[in-house]
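The values are calculated or read from the model by the stated rules, or taken from the named source; none is laboratory data. Here the structure is a predicted model, which means the values were calculated and not measured. Every residue, glycine among them, receives a Cβ derived from its backbone with ideal geometry; neighbour counts consider all protein chains shown. Only protein heavy atoms, including side chains, enter the accessible area calculation; ligands, DNA and RNA are left aside. Shrake-Rupley method; radii C 1.70, N 1.55, O 1.52, S 1.80 Å.
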Amino acid sequence: MKENICTIIGVIGAFFTALVGGWDSALVTLITFMSVDFITGFVTAAMGKSKHSVTGKLNSKAGWVGLAKKFCILLMVVVAMRIDILLGTTYIRDATCIGFCVNELLSIIENTSLMGIPYPDALKKAIESMILKGIDVSVHNGSINWNQVKADGVQFAILRAGYGREAYQKDQRFEEYYRNAKAVGMPVGSYWYSYATSVEEAKIEAQVCI
């Protein structure tokens, strides 16, 4: 019986790990922050200073809602992972984890501030370093010095591939931007600017983009 339970737990754990893209530092950090946020939220509620209830005290409904939100955060990581697989990229899932880590860290700081614990400058600098800086570019941006862009702290670029339903509407600099951005080691993504007003038109535009 004990072995069966351990086996079931192992299978569930492996399945979950595969869904979220592996048990790496990004996911461990996110789950750690989520746990600390929940604990500090519980402590502030015990002190009567919770921001999630009218009275500021412990509230079972608020607790369950908080847990449900954190579960949905993990579901968003799963979605981001699948988008990475679909697009053949590797950064969307990590960016999602980092984004939610920042949100959880801000909530932790808010909770601890309610307890009277000061907000260290080191944490402020850490939050700033965790926020990814990116740019959205198209032919209208003209010639781009990607080495300078990277030196300015830009960490990723989203490129317009084109627009509309005709092949000639491909962005004239898309391939140039993609090639040069990759040459300096910058992660890139792309999008097709849509004018579709129906499913049929959207399918036509998607086919042109592909």
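R0 = 25 Å: FRET efficiency of residue 152 with residue 119, Cβ-based, nearest 0.05?
0.30
To the nearest 500 deg cm²/dmol, what mean residue ellipticity at 222 nm is calculated for the chain from DSSP H runs of n ≥ 4 alone, each contributing -39,500 (n - 2.57), summed and divided by the residues?
-20500 deg cm²/dmol
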Simple spin-label model, 7 Å along Cα-to-Cβ: residue 71 to residue 182 in nm?
4.1 nm
Order the peptides 93-100, 133-140 from the highest to the lowest mean number of other Cβ atoms within 10 Å of their residues.
93-100, 133-140
Considering all alpha-carbon pairs of the chain, what whole percent are spaced by more than 20 angstrom?
70 percent
With a/c under 1.5 counting as rounded, go ahead and sort the stretch 65-174 into rounded, prolate or oblate using the C-alpha gyration tensor (a ≥ b ≥ c being the square roots of the eigenvalues; past the cut-off, prolate if a/b is larger than b/c, else oblate).
oblate
May I ask you to give the percent of accessible area on the stretch 76-115 that is carbon plus sulfur, with a probe radius of 1.4 Å?
69 percent
Acute angle (nearest 10 degrees) that the helix 174-183 long axis makes with the longest principal axis of the chain, alpha-carbon atoms
60 degrees
In whole Å, what is the distance between the alpha-carbon centres of the stretch 94-160 and the stretch 161-210?
26 Å
Return the FRET efficiency for the residue pair residue 202, residue 144: r is the Cβ-Cβ distance, R0 is 45 Å, and the value is rounded to the nearest 0.05.
0.95
If the elastic network links every pair of Cα atoms under 10 Å, which of 150, 49, 61 fluctuates the most in the Gaussian network model of the chain?
61
Based on the mean of other beta carbon atoms within 10 Å per residue, what is the order of 194-203, 172-181, most packed first?
172-181, 194-203
By its C-alpha gyration tensor, with a ≥ b ≥ c as the square roots of the eigenvalues, how is the stretch 114-210 shaped: rounded for a/c under 1.5, else prolate for a/b larger than b/c, else oblate?
oblate
Nearest 10 degrees, 0 to 90: helix 2-19 Cα axis against the chain principal axis:
40 degrees
Go through 49/69; 170/203; 133/182; 69/133 and tell me which ones have a Cα-Cα distance over 23 Å in this structure.
69/133
Between the Cα axis of helix 25-46 and the main Cα principal axis of the chain, the angle (0 to 90°, nearest 10) is 40 degrees
